[in-house]
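Read the structure below first, then the notes.
The values are calculated or read from the model by the stated rules, or taken from the named source; none is laboratory data. As the structure is a prediction and not an experimental result, all values here were calculated from the model. Cβ placement follows ideal geometry from the backbone for every residue including glycine, while neighbour counts extend to all protein chains displayed. Each accessible area value is taken on the protein alone, full model and side chains, heavy atoms only, with ligands, DNA and RNA left out. Shrake-Rupley method; radii C 1.70, N 1.55, O 1.52, S 1.80 Å.
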Amino acid sequence: MRLEFAIAVILLATVTGSAQYTRKTVVAHRGASAYAPEHTLAAYKLAIEMGADYVEQDLAVTRDGILICLHDASLERTTNVEELFPDRVSTQTIEGKTRKAWLANDFTLAEIKRLDAGSWFDKKFSGEKVPTFDEAIALIRGKAGIFPELKTPEIYAGRNVNFEDMVAAALDKNGLRGPKADPKTPVILQTFGKETARNLAKMKIGVPVVWLVEYENRPKTQEEVRGWKGIVQGFGPTKRIVFENPDFVKWAHADGMTVTPYTFRESDVLKSGFRNVNEEMAHFLYRLGVDAVFTDNPDKFPRK
Ligand code: G3P
Ligand code: CA
């Protein structure tokens, strides 16, 4: 590495919190999900067209062990599973709430591929399918990075699923980690699960990992933030954490960790004087100093 280049990389890392991002970065949350049904190839394609640096996937595992892109642990909110498989409902406790659900892990990929994942959003997206992780990668690779989340890992306890190993194998199969990783398709993993984040660190997953932080779990001191050094490379806090405590960004950057708050959407701007989501993202990026944002509206990203 030439000396000037090495110095530039170090300076950039100091400014952005980590070499993980090379500029202020837009992550398309569930694709361009303000305009197309979340986690469909239509939403991912639109995100790329809107200039997303990364496209987010929430990952789930089918009954036959295939990674698919789905936000909820169950299928009924974003597909017509109830209509096609009325008898396959069960009572599940998901994220602490017990309810009737069509759990994705109870369905094979062939069954899930029969579902319509677009009509719930708008009839014009009728026929969109739940994509596999491999299909998402094939669409996005070379055009943007991917930002997969290991979603609701607690669902798989006792179900013979090793989520972390499955994600590692998918990255290997697609040439997305290791010394020969495709530089045009950077990967950042994310999880709300503390244990999952620690497992990824222990197995030396080889790509940056972001720990997602709910308001109730937020680190309240610099020491608590520092405790994550060496385990994760960044934080994904709900945006209220950073808004109320801008020092959170300084604390993370002091230890070389990034900050990528969620979720910026035109339909849910913080009620603090922002006229629109563009203004809200600009405040977080250029005044509070966050490195990147998760947004449903990648077209509104305030690029400088
Ligand atoms: O992963 C960042 C953000 O997506 C977290 O919230 O519920 O949309 O996955 P959720
Ligand atoms: Ca997510």
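Here are the numbers for this structure:
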| item | result |
| --- | --- |
| Yes/no for Ala60 being closer than 20 Å to Ala101 by Cα and either in contact (Cβ under 8 Å) with a residue 60 or more places away in the chain or surrounded by 24 or more Cβ atoms within 10 Å (Cβ to Cβ) (or both) | yes |
| Test for Asp182: is it open to solvent by 10 Å² or more (accessible area, probe 1.4 Å), touching a helix residue (DSSP H, G or I) at 6+ places or on another chain (Cβ under 7 Å) and not polar (S, T, N, Q) | no |
| Selection count where residues are more than 22 Å from Ala138 (Cβ to Cβ) and assigned to a helix (DSSP H, G or I), scope segment 148-189 | 5 |
| Matching residues in segment 82-114 - criterion: being outside any helix (DSSP H, G or I), open to solvent by less than 60 Å² (accessible area, probe 1.4 Å) and under 27 Å from Glu164 (Cβ atoms) | Ser90, Gln92, Ile94, Ala101, Trp102, Leu103, Phe107, Thr108, Lys113 |
| Set Ala13, Ala34, Ala19, Ala6: member being among the hydrophobic types (A, V, I, L, M, F, W, C), assigned to a loop (DSSP other than H, G, I, E, B), open to solvent by 10 Å² or more (accessible area, probe 1.4 Å) and at pLDDT below 95 | Ala19 |
| Residue check for Ala144: open to solvent by less than 10 Å² (accessible area, probe 1.4 Å), in contact with an Asp or Glu (Cβ under 9 Å, 6 or more places away or on another chain), at pLDDT 95 or above and under 24 Å from Leu84 (Cβ atoms) | no |
| Selection status of Thr191, touching a Phe, Trp or Tyr at 6+ places or on another chain (Cβ under 9 Å), within 16 Å of ligand 2 (Cβ to nearest atom) and either among the β-branched types (Val, Ile, Thr) or modelled with pLDDT of 95 or more (or both) | yes |
| Qualifying helices (runs of 4 or more DSSP H) (wholly inside segment 212-304; at least 2 residues being without any contact (Cβ under 8 Å) to a residue 12 or more places away in the chain and more than 16 Å from ligand 1 (Cβ to nearest atom)) | 222-226 |
| Residue within segment 200-209 that is outside any loop (DSSP other than H, G, I, E, B), closer than 16 Å to Tyr262 by Cβ and touching a residue at least 24 places away in the same chain (Cβ under 8 Å) present | yes |
| Only one of Leu70, Leu84, Leu75 that is closer than 29 Å to Tyr262 by Cα and away from ligand 2 (no atom under 16 Å from the Cβ) | Leu75 |
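For every residue, the table says whether it meets (1) at pLDDT below 95; (2) open to solvent by 20 Å² or more (accessible area, probe 1.4 Å); (3) under 21 Å from Ala34 (Cβ atoms); (4) within 16 Å of ligand 2 (Cβ to nearest atom).
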position: Pro246; (1), (2), (3), (4): no, yes, no, no
position: Ala252; (1), (2), (3), (4): no, no, no, no
position: Asp268; (1), (2), (3), (4): yes, yes, yes, yes
position: Val277; (1), (2), (3), (4): no, no, yes, no
position: Phe284; (1), (2), (3), (4): no, no, yes, no
position: Arg287; (1), (2), (3), (4): no, yes, no, no
position: Asp291; (1), (2), (3), (4): no, no, no, no
position: Phe294; (1), (2), (3), (4): no, no, yes, yes
position: Asn297; (1), (2), (3), (4): no, no, yes, yes
